[in-house]
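The structure appears right after this line, and notes come after that.
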Amino acid sequence: ADKVVVGYSVGATALPYYVGVEQGIFEKHDLEIEGVKIVVNSNLQSALIANQIDAAAVMLAVEGMAANVIKPGSVNYISLNAQSSDYRMEQFVARPDAGVKELADFKGKKLVTSPGIGNMSVAVAALTAAGLNEGDYTLDQLDTAQHINVLTSGQHDGAFTLEPAATLMMHNGVAGLIKAGVVAEVVLGDPKADAYMAGGAISQAFLTERPDVAKRYKEAFDEAIDTIHAHPELAREALAKYTPTPPEIVNEVPLVKFTKLSDLTDVDIESFQKYIDFAVSIGTVAEPIDVKPFLAKF
Amino acid sequence: MYRRPHVTVRGLTKRFGERTIYDNFNLDLPRGEFISIFGPNGCGKSTLMNLIAGLIPVDSGQILFDGQTIDEISFGYVFQNYRDALFPWMSAWDNIAYPLRFQKVSKKERDARVEELVCKFDVRINLKDYPYQMSGGQQQLVSIMRALIVKPEILFLDEPFSALDYEMTLSMRDQMQKVFMETGTTTLIVSHDLDEAVYLADRVLLLSRAPATVVDFPKVEVQRPRDAMTLADPEFNRIKGHCLDIFQREVRK
Amino acid sequence: MYRRPHVTVRGLTKRFGERTIYDNFNLDLPRGEFISIFGPNGCGKSTLMNLIAGLIPVDSGQILFDGQTIDEISFGYVFQNYRDALFPWMSAWDNIAYPLRFQKVSKKERDARVEELVCKFDVRINLKDYPYQMSGGQQQLVSIMRALIVKPEILFLDEPFSALDYEMTLSMRDQMQKVFMETGTTTLIVSHDLDEAVYLADRVLLLSRAPATVVDFPKVEVQRPRDAMTLADPEFNRIKGHCLDIFQREVRK
Amino acid sequence: MKLKKLQKLRPLIGVFGLLAIWQLVVMGEIVDPVLLPPPGKTFVAAWDGLFGSGKLAFDFGKTVERSLMGIALAAAIGIPVGVVLGASEKVYRSVEFVIDFFRSTPASAVFPLFLLFFGVGDQTKIYIAAFGASLAIIFNTAYGVMNARKTRVLAARVMGAPAWQRMLVVLLESMPQTFIGLRTGATLALVLMITAEMLLGSVDGLGLRVFEEQQLFNMPAMYAAILLAGVLGYAINLSFFLLERTFVHWAGR
Amino acid sequence: MKLKKLQKLRPLIGVFGLLAIWQLVVMGEIVDPVLLPPPGKTFVAAWDGLFGSGKLAFDFGKTVERSLMGIALAAAIGIPVGVVLGASEKVYRSVEFVIDFFRSTPASAVFPLFLLFFGVGDQTKIYIAAFGASLAIIFNTAYGVMNARKTRVLAARVMGAPAWQRMLVVLLESMPQTFIGLRTGATLALVLMITAEMLLGSVDGLGLRVFEEQQLFNMPAMYAAILLAGVLGYAINLSFFLLERTFVHWAGR
Ligand SMILES: Nc1ncnc2c1ncn2[C@@H]1O[C@H](COP(=O)(O)OP(=O)(O)OP(=O)(O)O)[C@@H](O)[C@H]1O
Ligand SMILES: Nc1ncnc2c1ncn2[C@@H]1O[C@H](COP(=O)(O)OP(=O)(O)OP(=O)(O)O)[C@@H](O)[C@H]1O
Ligand SMILES: [Mg+2]
Ligand SMILES: [Mg+2]
């Protein structure tokens, strides 16, 4: 068996990796997986560039492309994850007693967002689209895991937050959903459109030095994605095992739309490009970059 | 003349670990007398002073001050370990003036008092120096001056002249006597120099090896002021001889 | 008998800040002689010893050892500040045995040597104690024994008896003389007791106030072993008187 | 006798004080009890995690194991380096920038660098803990050495102690400070280990537990893990304190 | 003269050593230069950020401002509390658990608590930094006080110094250790401030810069910010060192 070192975080977005391991899919493809848990995405990115891992179970598109701007080819995607109002990931939530029904109601409220320019920009863009100007609300950045705390304690009225925090809050009655598919709407103009924001990735060295192994890894990954779509219950099982998801919400947590490269249409790729262009426009990716070369070809 | 005791020690017991330094020890220190303590190394002289001054706790027994509590009493103290008792963060001058701070004395008067003392003692030290810049003898001199700057109730002098030079020792003995005659302060001095001990004393407290007991407590009935002639005084020499006899007997035990 | 100098000091200059302690100072210390240093407080006696032993750097000038470098010489040293020079993490016994560690002496022999010294000095201290558990005099005694346990090339004694009791002082003087007569070690002692200084010395080094100069360096031609009778010896008393005269003249300057 | 035993329980005052304040904060509804569970609930969670169904005991063991390895590594490097650097102030000044630089950069900022050099394994966490701790130990030991009195080192030198023996004296002299460095370092190692377990991703350890329980919004379990981290820190400090008390018996004397 | 001036440049040895190693690591391709940019590139980024287009200068200023406030607060609380706790070992033992407990819990684990009590504002970051730093200062000061020699405190007491004056003596006695505590605390405050700026969401500060540049994968700018954090840490340490050197002139004497 060929050894592949895979870095993974603990989120639901790394699901194909968990399923691949749990269902013996990698094994079937004669791959011996060594999993390394790395929870911070930027550390995952460093490890990939430094060749300490061959693959990342999931890599944010913005960070992957930011790396490709500086060192082209260092992050190669083998699948993409889309999010939208159906495949919920980022969303606005508000405390039930805050009197917020839609985004415009956040006028005069205190909001908290997941940290980073990307989250900040999307949140501001969405609020602006809803007719709120800067100064109409306060928006603090705070680690996503803390959102439930500050909403529970009443220090903030609403949050632009991520899964599984959002579901956890809703499940506990701390907050209710106000709007999902925010990125899709802001960037693509339609909350139901597919916003490709992350995906499985492999390193340049893995791709060029052991192309056949990389190919098999990609095939196994594809098969895992198929399994997720075909057997959601198996996927949920893996989710419960690998991510700290409270058992009571493990069946509720929304999943992103895991997409094999072979299933990507030209429209999808264009959406992906649009998202990256948006990232360039807000400055989270330094220079305009064409995404196509970084969708791995074997 | 009977004087009421200034310090009364009753049933004093003090141990360091296994070792008993004082065991049911009793002593009266008369007010306004100059008492020399004479005894072998390690018999407990420094310990006794520390106990009386309340610096280390007694194991049992009582130390009473005629009508006063220990907190009301101001002590003057020249520590045997004079070097460690000076404040290295202050100049010698400020060290000497230190006890005056607690007496509501203005800075100006404090300086005047130090000045006066310096003149009296004919000190040839740069008092702007810090203690660690001074020689051993100079440090000891500063320590003595610090003890004398106030008029304490009781004065403890633990081998105060051990590091002073020949000339300075003689002059300090006489200064000490003068201070005593002027103020009548109850004074305790430890000295290993028998001449010195007897020369200065109204009484000589002779201690035995630990556990220390009072072997004898003879009076020195030689008139004051004493001077170089005293050393030839027959009474002086009788007492000195007597102390020496007792000391040697006790030490060789 | 002409002896080649053991230590030669040439053009020594030492300042502390503004103050000059030695200015172009010259001195020869003959090999195998017992030299007493006598001088007022703060004149630079301790500093001189420190300079010779290489513990503080000279500002200029040279200190030469007859055919040897300073690293080859083993010193015995009783510091004026004996308390701070003992190792508080070792028992008194181990402190005394410490210098033997650097002489490839087995543990057993080290213990034997300490035992021997303890017997010779008739020490009545519990040598299992740590220095901080001992009285001042006891600490000083340990310090002396530590200096004598090896046979050093040069022995420095900086007021070594200042805290010892009457009896111990007398006995240590004689021990010191005995050791000297047996080994012929070049020895320097600082003492403020003129009797002691002259009693022990082959020569008395009389220093002036800082900047120190050699005021006189008289020989003490009194036969050894000296004893209580020596104190009545006319030559002894002549030299003592001579030293006192010079000292007093210098000090009062 | 009985009183002595009670004295040993003194640290419990702090424990109960902390618990009382905690309970009051919860009862006074100063913060939502969902966010800060009452001590009782937390203890139940801790008990369950340690002795019941949870993996807390395993995670605790893993953190202890890795932290101790980090501490041992840090002490083995930090103490000798600190002594050597401290022995020569010049050398320390030369490298001080590097030490202060890395002491002042937050661990979370240098984590990526460690990943680059040492890979993504468990090893790296130990190195991170050891790195941070050794800087604290070097800093404290070096300043301990620099601030220590020089007398005893000089005494050792004059007695012919070779360089490494003098280093030993220096080390012993600075022991109280070195122990503070050890305790600071050990605490830091623990903090870094838990932080690394939280941020670098780990499959076990207290840091993982805190991280996961936070994700699960399982506050009692999260605070149980934090509580264990604090207790572990106290236990490590206590062991060093007890070690110091038996070993550095002379501190403050 | 010239040599003296050169000596002042000694710290540069460390700076250049670090840069040299950094450059070698990059040149030797031990790590990918994309991940660890060479020093040159980093300096360009720092220069640009400080004096050119970037906001680095502003962020730097903000971090300095907040850190200094945190340090000042920590010192104002930590030093007096440390002295009082250290003055009575019994009291310290009672609260030691609390101090060690919070010293050992990682900041990132107690951030949530601070959020609950103080909200997300800039205030909170200052409190976090002050909290962590004051624990370090209390710990060091208290142990400095406990390990300090007692002689001078006793001397002050016997001279009639009132309680607060004795505390002052205790404080001065433990000054070297207190300064180490201040430096440890100041460093910690800086680290906590930057970590809080990174994790708690901030609109400015070096921590925000590190976080943002990392998101942008702008490594030279990220390392420029880290570099500034390290330099700031060194500068703070240096100021405390200079303060100590003028103030605690007696250390090690
Ligand atoms: N802290 C201590 N721990 C244990 N034993 C001690 C301590 N302090 C003093 N001792 C013992 O108590 C005895 C008396 O000591 P003290 O210092 O009172 O003697 P002293 O009469 O002043 O002697 P000296 O003339 O040498 O100064 C000594 O034998 C000493 O060993
Ligand atoms: N570290 C120092 N800094 C400044 N001045 C110093 C220092 N050490 C000694 N001196 C000065 O040097 C002079 C000589 O000191 P030294 O200790 O050699 O005197 P000494 O002859 O041994 O005196 P004593 O008989 O009092 O022991 C003193 O006047 C002292 O003030
Ligand atoms: Mg004594
Ligand atoms: Mg001297």
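The values are calculated or read from the model by the stated rules, or taken from the named source; none is laboratory data. All figures in this text were calculated on a predicted structure; none of them were measured in a lab. All Cβ positions, glycine included, derive from the backbone under ideal geometry; neighbour counts span all protein chains shown. Heads up: the accessible areas ignore ligands, DNA and RNA and are worked out on the full protein's heavy atoms, side chains in. Shrake-Rupley method; radii C 1.70, N 1.55, O 1.52, S 1.80 Å.
See the values below:
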item	result
Relative contact order (%) - the stretch D:185-253, alpha-carbon pairs under 8 angstrom, separation at least six	25 percent
Value of relative contact order over chain E, rounded to a whole percent, pairs C-alpha under 8 Å and six or more apart	25 percent
Over 62 Å [Cα-Cα, the protein assembly as shown], rounded percent	29 percent
Value of [θ]222 nm, deg cm²/dmol, for chain C, DSSP H segments ≥ 4, -39500 (n - 2.57) each, nearest 500	-11000 deg cm²/dmol
Area hidden from solvent between B and C (accessible, protein heavy atoms only, 1.4 Å, total, Å²)	2700 Å²
Electrostatic dipole magnitude of the protein assembly as shown [Cβ: Lys, Arg +1; Asp, Glu -1; Cα centre; debye, to 20]	4760 debye
Residue among E:VAL158, E:ALA109, E:VAL98 farthest towards the positive dipole end of the stretch E:90-159, charges placed on Cβ	E:VAL158
Residue among A:HIS156, A:ASN76, A:SER281 farthest towards the positive dipole end of chain A, charges placed on Cβ	A:HIS156
Relative contact order (%) - criterion: Cα under 8 Å, at least six apart; region: chain A	29 percent
³J(HN,Hα), Karplus 6.51/-1.76/1.60, whole Hz, each residue of the stretch A:32-37, x for Gly, Pro	9, 8, 10, x, 10, 7
Cβ-defined net charge surrounding B:SER46, 11 Å radius [Lys, Arg +1; Asp, Glu -1]	-1
Formal net charge of residues neighbouring A:GLY283 (Cβ-Cβ distance under 13 Å; K, R +1; D, E -1)	-3
Max mean-square fluctuation residue, GNM over chain E, Cα-Cα springs under 10 Å, options E:VAL81, E:VAL44, E:VAL25	E:VAL25
Between the stretch A:1-73 and the stretch A:74-103, the alpha-carbon center distance in angstrom	23 Å
Most positive-pole-ward Cα, E:ALA45, B:TYR130, A:LEU261, against dipole of the protein assembly as shown from beta carbon charges	B:TYR130
Partners for C:LYS151 among lysines (Cα-Cα distance below 21 Å; same-chain residues under 8 apart left out)	C:LYS104, C:LYS107, C:LYS108, C:LYS120, C:LYS178
Probe 1.4 Å, protein heavy atoms only - accessible area per residue of chain E in square angstrom	39 Å²
Helix-derived mean residue ellipticity, 222 nm - over chain D, DSSP H n ≥ 4, -39500 (n - 2.57), to 500	-27500 deg cm²/dmol
Average beta-carbon neighbours from other chains, 10 Å sphere, peptide C:193-199	1
Sequence of B:VAL7, E:VAL91 from largest to smallest accessible area, 1.4 Å probe	E:VAL91, B:VAL7
Cβ-placed point charges (K, R +1; D, E -1), dipole of chain C about Cα centre in debye, nearest 20	360 debye
Cleavage-rule hits, GluC sites (Glu not before Pro), the stretch B:144-253, DSSP coil, Cβ neighbours within 10 Å at most 11	B:GLU221
10 Å Cβ neighbours from other chains, averaged over peptide B:165-177	3
Antiparallel %, DSSP beta bridges [both residues in the stretch C:55-211], to 5	10 percent
Inter-chain Cβ neighbour average for residues B:56-66, partner chain, 10 Å	0
Antiparallel bridges, percent of DSSP beta bridges restricted to the protein assembly as shown (to nearest 5)	50 percent
In Hz, Karplus ³J(HN,Hα) per residue of the stretch C:9-24 (6.51, -1.76, 1.60; θ = phi - 60°; x = Gly, Pro)	10, 10, x, 5, 10, 9, 10, 10, x, 6, 7, 8, 9, 10, 10, 6
Ranked by how many other beta carbons lie within 10 Å on average, peptides A:32-43, A:94-105, E:204-215 from highest	E:204-215, A:32-43, A:94-105
Built amide H within the under 5 Å cut-off of B:ILE154, gap 5+	B:SER74, B:GLY76
Volume of the Cα convex hull of the stretch A:1-119, divided per residue and given in Å³	144 Å³
Mean-position separation - Cα centroids, the stretch D:63-113 and the stretch C:60-79, in angstrom	39 Å
Accessible area of E:PHE247 in the full protein assembly, 1.4 Å probe (Å², nearest 10)	100 Å²
Part-to-part distance (alpha-carbon centres) for the stretch D:177-234 and the stretch C:176-253, which is given in Å	71 Å
With DNA, RNA and ligands ignored, accessible area of B:TRP93 (1.4 Å probe; Å², nearest 10)	60 Å²
Placed amide H near C:ILE37: partners under 5 Å, 5+ positions off or other chain	C:ILE189, C:VAL190, C:SER191, C:LEU205
GNM flexibility winner over chain D from D:ALA20, D:ALA196, D:ALA72 (Cα, springs under 10 Å)	D:ALA20
Among B:ALA197, B:ALA210, B:ALA112, residue whose mean-square fluctuation peaks in a GNM of chain B (springs only between Cα atoms under 10 Å)	B:ALA112
Estimated dipole of the stretch E:55-207 in Debye, rounded to 20 [Cβ of Lys and Arg +1, of Asp and Glu -1, Cα centre]	600 debye
Peptides B:118-130, E:92-104 ordered by average Cβ neighbours within 10 Å, highest first	E:92-104, B:118-130
Solvent-accessible ranking of E:PHE117, B:PHE75, D:PHE58, largest area first, probe 1.4 Å	D:PHE58, E:PHE117, B:PHE75
Flagged links, alpha-carbon separation over 24 Å, of B:LYS14/B:LYS253; A:LYS3/A:LYS215; A:LYS292/E:LYS55	A:LYS292/E:LYS55
Counted charge near C:VAL105, where neighbours are those whose Cβ lies closer than 15 Å (Asp, Glu -1; Lys, Arg +1)	+3
